[in-house]
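To keep things clear, I will list the structure first and then write my remarks on it.
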Amino acid sequence: MRSSEQVESRAIHILLSARAVAEDMEQFRHHLTVPDLPPAVTDLLTEELEDATSRLSNLISLAIAEINHSSDSKFRNHFDALLTEVRGRWVRLHLKKIAARLAYIDRQATDTLSSGIYRLGLARRLEAAYSEVRTTLVAMGALDTPGLESTVLNDVQDKITALAELENTTFRLLDLDRESGRQREQFIAG
């Protein structure tokens, strides 16, 4: 098998795996609509759905990376059609959830910035959550969705960056205050 055929074969295999994961996600989502599910089952299904979402995002990113090595335009068109199908399934299932997650991250950053009370490491956790949201949106081709455009994402990123800077300044000053206190104690004792 020639190299381009190997690349194309891997890309299709990865994309078919992504399609299977998307189908699993639809099943998890369907099961979550069953009334009176025990909380443990709901938690398990939610966890499975989150894991599948992450796997799907990773598989699509990997498939796109593979297809970028192919020069056959006919194959690219076929691949794009399959990719559009998989992305469409994901978008129908999870766009509201992703938008809600981004709104939560934004609210956490905004509330913390306005309160003046900073928790060490919050900016890092928000940055990790934001990166996951952005990576998923890029992989799913959903960056142009109303409410999730680049301007909205950049605004959230700016708030997280501002929070990180405030945390760094605040906690560095606290450490300097502790060091000054130790030096004063040593001076007084000595």
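Quick one: count up the residues across segment 59-100 that are assigned to a helix (DSSP H, G or I), touching a residue at least 60 places away in the same chain (Cβ under 8 Å) and among the acidic types (D, E).
Count: 1.
Among the residues that make up segment 113-135, is at least one of them in contact (Cβ under 8 Å) with a residue 24 or more places away in the chain, surrounded by fewer than 14 Cβ atoms within 10 Å (Cβ to Cβ), assigned by the TED database to the domain that holds A164 and part of a helix (DSSP H, G or I)? Scanning segment 113-135 turns up at least one residue that is in contact (Cβ under 8 Å) with a residue 24 or more places away in the chain, surrounded by fewer than 14 Cβ atoms within 10 Å (Cβ to Cβ), assigned by the TED database to the domain that holds A164 and part of a helix (DSSP H, G or I).
If the condition is being at pLDDT 80 or above, under 29 Å from V34 (Cα atoms) and open to solvent by 30 Å² or more (accessible area, probe 1.4 Å), then segment 50-87 contributes E50, D51, S54, R55, N58, L59. Of all residues in segment 73-89, exactly one satisfies the criterion of being over 23 Å from T53 (Cα atoms) and touching an Asp or Glu at 6+ places or on another chain (Cβ under 7 Å), namely F75. Restricting attention to segment 35-49, the residues that are hydrophobic (A, V, I, L, M, F, W, C) and open to solvent by less than 70 Å² (accessible area, probe 1.4 Å) add up to 4. Residues in segment 32-57 that are of a type in the set (D, E, K, R) and either over 25 Å from the mean Cα position of the chain (by Cα) or closer than 30 Å to T84 by Cβ (or both): D36, E47, E48, E50, D51, R55. Selection of first residues in segment 4-30 that are farther than 14 Å from W90 by Cβ and of second residues that are buried (at least 21 other Cβ atoms within 10 Å of the Cβ), restricted to Cβ pairs under 6 Å at least 6 apart or on distinct chains, gives the following pairs, ordered by first then second residue: A11/A63; A11/I67; I14/L59; I14/A63.
Remark: T112 falls outside the filter, which requires a residue to be under 9 Å from the mean Cα position of the chain (by Cα) and among the polar types (S, T, N, Q).
Among the residues of segment 88-106, which ones are over 20 Å from A128 (Cβ atoms), open to solvent by 40 Å² or more (accessible area, probe 1.4 Å) and modelled with pLDDT of 75 or more? Give the steps one after another, and end with the answer.
Step one: list which residues in segment 88-106 are over 20 Å from A128 (Cβ atoms), which gives 88-93, 95-96.
Next, from what is left, pick out any that are open to solvent by 40 Å² or more (accessible area, probe 1.4 Å): 89, 91-92, 96.
Hit for segment 88-106 is K96, nothing else.
The values are calculated or read from the model by the stated rules, or taken from the named source; none is laboratory data. Owing to the predicted nature of the structure, the values given are computational and were not obtained by experimental measurement. FYI the Cβ positions are ideal-geometry reconstructions off the backbone, even for glycines, and counts take in every protein chain you see. Protein only, heavy atoms only, side chains kept; ligands, DNA and RNA dropped before computing areas. Shrake-Rupley method; radii C 1.70, N 1.55, O 1.52, S 1.80 Å.
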